[in-house]
Amino acid sequence: MDHFSAIIGQSPELDSLIRSARIAAATDVTILIKGETGTGKEVLASAIQKASPRATKKFVAINCAALPEGLIESELFGHKKGAFTGATANSPGLFQAADGGTLFLDEINSLPLVVQGKLLRFLDSGECLPVGETTAYKVNVRVIAATNSDLNDQIKAGEFRQDLYYRLNVVPIELPPLAKRSEDIEHLIKHFLKQFAAQHGIKPPQFSKPALKVLKAYKWPGNIRELRNLCERLSILLSGRTIEIDNLPSEFRVNPQANPGKNTGFILPETGLQLDSLEADLINQALSRTKGNRSQSAKLLGLSRDTLLYRMHKHGFTAN
């Protein structure tokens, strides 16, 4: 069984990401998943857990931004009766609940500094100290963390511990935004339409080619979550019909990116061009400008580093 089948898409970025996730899943290494809100970080974390030696154990997930600052320490590590107002009994925390399994800490960037210190202690020693207790307990828990912001910026601002970042960032995996995975949009749409047709007992709609073109050009600020919600809405309202551009919400129809080829500053020559040759030339220019730095070249071209390497290989660029 392929536990990563829930990660839909065939883009080079996604293939590279899943290869790394499969390798990391087979170990107990701490993983930090990076990516914008809605890119599927919890889906990936769950897939890693299911492909790991801890697959039969618990997978416990918590959004660190969803709890008040005063409660998250108790929620994670537990508390002793009388430790604070309302603590009427001893309470185990999520680390104890996940013992033997995996704890997924989403939006780790929202974790208060005092709790960051206790998390670091656990990662270093396996020990947890409940609120109000003086004696720590040990648990066997794998931690997968996720962030939707740049932790390096928070470290510079004094909002995130650098030592904790190093302990979490053993294997970093970055989920690209949907706007950089346009070749995956049609695969995701087919998946969601099939899913909602079965869920609601309806005939799935289909998208016309012009409508698909608009969706592929859209910026997708809400990423996969936004696409999923759109597919569910249109599945219900336009069951069995062909969805045209006029059926899309207004933000898709008025967005300048919804009209590929307009406002880009580039005019296609009347005689046409050789797209492969143009792409190879642009890659060569970027590499020359950055003195061969692949990461900087990828940024100049608006690509991920893995996509740049894939296209360099396609065009026969040397590894040097």
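Scanning residues 5 or more positions from A61 or on other chains, those with amide H under 5 Å from its amide H are F104, with H placed 1.01 Å from N in the peptide plane. Panel note: the C-alpha atoms of the chain, placed on their principal axes, show extents of 78, 55, 39 Å (largest first).
Of the lysine pairs in segment 164-261, how many meet both conditions: Cα atoms under 13 Å apart, and a spacing of 8 or more in sequence or different chains? Lysine pairs meeting the criterion: 4. Below 13 Å, Cα to Cα, which aspartates and glutamates can K138 reach? Residues fewer than 8 away in the same chain don't count. Within the straight-line limit of under 13 Å, K138 reaches these aspartates and glutamates: D99, D124, E127. 3J(HN,Hα) couplings calculated from phi for segment 104-116 with the Karplus curve 6.51 cos²θ - 1.76 cosθ + 1.60 (θ = phi - 60°) are, in sequence order, 9, 9, 7, 6, 4, 5, 8, 5, x, 4, 5, 6, 4 Hz; Gly and Pro show x.
For K156, a cut-off of 27 angstrom between C-alpha atoms picks up these lysines, skipping any fewer than 8 places away in its own chain: K34, K41, K118, K299. For the pair segment 98-115 / segment 11-53, the C-alpha centres are spaced 16 Å from each other. The 3J(HN,Hα) values that the Karplus relation (6.51, -1.76, 1.60; θ = phi - 60°) gives for segment 167-175 are, in residue order, 6, 7, 8, 5, 10, x, 10, 10, 7 Hz. Gly and Pro appear as x. The gain in end-to-end length when the D246 to E159 segment is fully stretched comes to 26.7 nm, 0.36 nm per residue minus the alpha carbon separation.
Converting phi to 3J(HN,Hα) with the Karplus coefficients 6.51, -1.76 and 1.60 and the offset θ = phi - 60°, segment 187-200 yields 5, 5, 4, 4, 4, 5, 5, 5, 4, 6, 4, 5, 5, 9 Hz in sequence order, with x at every glycine or proline.
The sum of -39500 (n - 2.57) across all DSSP H runs of n ≥ 4, divided by the residue count of the chain, sets its helix-only mean residue ellipticity at 222 nm to -13000 deg cm²/dmol. If a spin label sat at a point 7 angstrom from the Cα of T30 along the line to its beta carbon, the backbone N atoms of segment 149-168 nearer than 13 Å would be those of 161-168. Cβ under 12 Å from I243's Cβ, I243 left aside: what net charge do those residues give with Lys, Arg +1 and Asp, Glu -1? Once all neighbours under 12 Å are counted, the net charge is +1. Across segment 275-314, the convex hull enclosing all Cα atoms gives 55 Å³ per residue.
Backbone amide hydrogens, once placed in the peptide plane, bring I173 within less than 5 Å of L32, I33, K34, excluding anything fewer than 5 places away on its chain. Every Cα-Cα pair in segment 39-86 was counted, and those over 13 Å apart are 67% of them.
Each reported figure results from applying straightforward, stated rules to the coordinates on display, with no laboratory input. All figures in this text were calculated on a predicted structure; none of them were measured in a lab. Using ideal geometry, Cβ is built from the backbone for each residue, glycine included, and neighbour counts are taken over all protein chains shown.
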